[in-house]
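Computed from the coordinates by the stated procedures, all read-outs in this text should not be read as laboratory data. All figures in this text were calculated on a predicted structure; none of them were measured in a lab. Neighbour counts are summed over all protein chains in view; Cβ atoms, including those assigned to glycine, are modelled from backbone coordinates with ideal geometry.
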Amino acid sequence: MKPRQQRMLAVGLVAVGLAIAATFTLRAFKDNMMFFVEISDVMAGNYPKERNFRIGGLVVAGTVERAEGSLDMSFMVTDTRCALPVSYTGVVPDLFREGQGVVAHGRMGGNGTFVADKIMAKHDEEYMAPEVAESLAKHVQDQTESVQHLSMECNPSDS
């Protein structure tokens, strides 16, 4: 083989090797990517069915139930529009409590319950996960607009 053909073969093999490495890297990123899905979207059926995803919102007051002598618990999480039942087995963070923000990793179970494998609570009074804050703000704004619209319909003399 001539030196030029050897160089071209080497360049070709390097290019093929880089393409294979890039393919494996992108596939690993895709498999490990964790999507955040709003609770309203989950309730509408818009969530990844075959993989884990994250939900977030506020723990509904009065819904936390713990099985005695077990690490099993269930509670409801809301985005102020919809509420989703969550079941979890394990130790929850110290800051987990009713009325506080929470992010749960897991997937939907067959009975319409989100089965969490990891629970994270916000770490201080000011912080909330950006996805949760955006979701809550959007739904609060939607509720405010609908209330204003309803009040205008009920009191046409005010406009």
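Which loop-located trypsin sites (Lys or Arg not before Pro) does region 77-119 contain, where loop means any DSSP state but H, G, I, E or B and the Cβ has at most 14 other Cβ atoms within 10 Å? Don't jump to the answer; show the numbers that get you there.
Values: sites: Arg81, Arg97, Arg107, Lys118; in loops: Arg81, Arg97.
Passing both the DSSP loop test and the Cβ count: Arg97.
In nm, to one decimal, how far is the modelled label at Arg51 from the one at Phe29, with both set 7 Å along Cα→Cβ?
Placing both labels 7 Å along Cα→Cβ, they lie 1.3 nm apart.
At 0.36 nm per residue, minus the direct Cα-Cα distance, what do Ala22 and Met8 gain on full extension? Give it in nm, one decimal, please. List each step's numbers first, then the result.
Values: separation 14, 0.36 × 14 = 5.04 nm, distance 2.09 nm.
Fully extending the segment from Ala22 to Met8 adds 2.9 nm.
What is the distance, in nm, between label points placed 7 Å from the Cα along the Cα-to-Cβ direction at Ala15 and at Thr63?
Distance between label points: 5.6 nm.
How far is the Cα center of region 63-99 from the Cα center of region 1-39, in Å?
The two parts, judged by their Cα centres, are 43 Å apart.
Does a label point 7 Å from the Cα of Ala133, set along Cα-to-beta-carbon, have any residues of region 65-83 with amide nitrogen under 19 Å, and which are they?
So the set is 78-80.
Would you calculate the convex hull of the Cα atoms in region 1-128 and tell me its volume per residue in Å³? Please list the in-between numbers first.
Working: hull volume 23.0 nm³, N = 128.
Output value, Cα hull per residue: 180 Å³.
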